[in-house]
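Computed from the coordinates by the stated procedures, all read-outs in this text should not be read as laboratory data. Not measured: the values here are computed from a predicted model. Here the Cβ positions follow ideal geometry from the backbone for every residue, glycine too, while neighbour counts run over all protein chains shown.
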Amino acid sequence: MLHDIPRTIEQRMRFLEELDKKQREEGVSSLQRLRQIPPETGTFLAILAASAPAGTYLEIGTSGGYSTLWLALACRQKGRKLITFEILKEKVKIATETFAQAGVEDIVQLIHGDAREYVRDYKDVSFCFLDAEKEVYEECYELVVPNMIPGGILIADNAISHKDILHEMIERALHDRRVDAVVVPLGRGELVCRKI
């Protein structure tokens, strides 16, 4: 999986990394720029996604599709599909281009809209990556966890970089008897939860 990343995916990843770097240097507003995970977090996500049981794979917060590409590597290897949600029209446009150019349209379904209006309808969730506006993390967590299967994995990004905003949600997860949870100090910090 990680040793044989298709050239089309690798090229689009490099493009998005450069675009993200350029946006940061130019001071593009936090809401409008891509705000991507670092590559080491992408590797971590791909490995955990490939280790998740069979079921529904979700991503809340697509942005330009960078993290989606890492998850697509696992989905391709395991023969699974990924449903990803993005609320901003400008980012949906970039993500649509990403999936077409990377050749993952057959395994990635992009939904333009607020994930909170959709995720409760997805059952048998075996994997979920949460990387959206921090104010919606707790609500998304509570919508997804009841629909997760035993052994299912939920990962929430920015658990360290935004711990001031996410403190209450992280503490809730760490003490939630429905999951085993830990904060991993990788990238901007990843809250990893495994459904019991």
Nearest 5 percent is fine: what portion of the DSSP beta bridges confined to region 7-195 is antiparallel? 35
Expected max-MSF residue from Gly79, Gly42, Gly65 in the GNM of the chain (alpha carbon, under 10 Å) is Gly79
Above 17 angstrom, tally the Cα pairs of region 112-179 and express them as a % of all pairs, no decimals. 39
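Going by how many other Cβ atoms sit within 10 Å of their own, how do Met1, Met148, Met169 line up, fewest first?
Lowest to highest Cβ neighbour count: Met1, Met169, Met148.
Tell me, in nm to one decimal, what length is gained between Arg7 and Glu133 on full extension, where the rule is 0.36 nm per residue of separation less the Cα-Cα distance?
Gain on stretching Arg7 to Glu133: 42.3 nm.
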Would you mind telling me which residue in Gly64, Gly27, Gly152 has the biggest mean-square fluctuation in a Gaussian network model of the chain, where springs connect alpha carbons within a distance under 10 angstrom? Gly27
Per principal axis, descending, Cα span of region 62-132 in whole Å: 30, 29, 18
Express the Stokes-Einstein translational diffusion coefficient of the chain in µm² s⁻¹, to the nearest whole number, given a Kirkwood radius over alpha-carbon pairs, 25 °C and a viscosity of 0.890 mPa s. 148
Near-label residues of region 25-45 by backbone N, under 17 Å of a point 7 Å along Cα→Cβ of Asp180: none
Sorted from fewest to most neighbouring beta carbons within 10 Å, what does the list Phe99, Phe129 look like? Phe99, Phe129
Could you line up Ile149, Ile37, Ile196 from fewest to most neighbouring Cβ atoms inside 10 Å? Ile196, Ile149, Ile37
Please check: in the Gaussian network model of the chain (C-alpha springs, under 10 Å), which one of Leu73, Leu19, Leu130 has the largest mean-square fluctuation. Leu19
